[in-house]
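Q: One structure is given below, represented as structure tokens, and several questions about it will come after.
The values are calculated or read from the model by the stated rules, or taken from the named source; none is laboratory data. Everything numeric here is computed off the predicted structure, so don't read it as measured data. Here Cβ is always computed from backbone atoms with ideal geometry, including for glycine, and neighbour counts include all displayed protein chains.
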Amino acid sequence: MSAADPLILVVDDDADLRSLMTDFLRGNGLRVESAADATEMDALISAERPDLIVLDLMMPGEDGLSILRRLRKPGSPGIIMLSAMGEDTDRIIGLEVGADDYLAKPCNPRELLARIRAVLRRKSEEAAAATQGAVRRFGAWTLDIVQREVRRIGAAPAPLTDAEFRVLAAFLDRPQRVLSRDKLIEAGKGLDSDVFDRAIDVTISRLRKKLGPDDPIRTIRNEGYMFTLKVEGE
């Protein structure tokens, strides 16, 4: 393990659970730091930027959703939300605010490890793709891959959440082809569950609003969705 390895930051006010997660992840070869609350987390982030944060939803002081909202911006660390509540609504809210993944507590440590590795892999792939072409063009729109903003000619840019960015990128990678919900779930989160199935519909609805009039996403009944335009800058 070296300073070049990805850094994982575990943020949870439950000392026993925080220690269990930290020890398990370190035992599986990951570089890990931990924090009990937002104040400790901010101090650690200022000293060394983590690649991924495992973030508890319910904490005293600043809660996980508030932390997620202020951290989520282009180039931010990956974030996996943890919550003892485990309700579908809480999961969807967390994902729509910008979490990369969501797990109910108590979670299987091996599943958490697998989710961490999946998010790190997606982040690495996205960073590599961003270096190949910063802007992709489709019809009257452009997607800025670095800033994660979509813009229509003559209009102001619209920032995208992580989920919106990944789903739009999936469409741009496969234009004029029907993509099933399963394909979009895989592209957006890499997981298959009813929660993600409903979240995909919400994400596409928000994408359509940001794309404005005559958006190029079409619903194909009983099959999925299709992006109807040709894409440049692939």
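Q: Give the range 89-117 a look and list any residue that's in a helix (DSSP H, G or I) and either of a type in the set (Phe, Trp, Tyr) or modelled with pLDDT of 90 or more (or both), or say none.
A: Listed by number, the residues that qualify are Pro109, Arg110, Glu111, Leu112, Leu113, Ala114, Arg115, Ile116, Arg117.
Q: If Asp23 meets every condition in (1) more than 21 Å from Leu112 (Cα to Cα); (2) loosely packed, with under 15 Cβ neighbours inside 10 Å apart from one, which number is that one?
A: (1)
Q: Right, another one. Take the conditions modelled with pLDDT of 95 or more and in the same structural domain as Cys107 (by TED's automatic domain parsing) and apply them to Asp13. Does it pass?
A: no
Q: Let me ask something else. Are any residues in the range 199-222 assigned to a loop (DSSP other than H, G, I, E, B) and closer than 16 Å to Val167 by Cα, and if so, which ones?
A: Passing the criteria: Asp215, Pro216.
Q: So, one more: Of the numbered conditions (1) surrounded by 13 or more Cβ atoms within 10 Å (Cβ to Cβ); (2) under 19 Å from Pro106 (Cα atoms), Leu52 fails exactly one; give the number of that condition.
A: (2)
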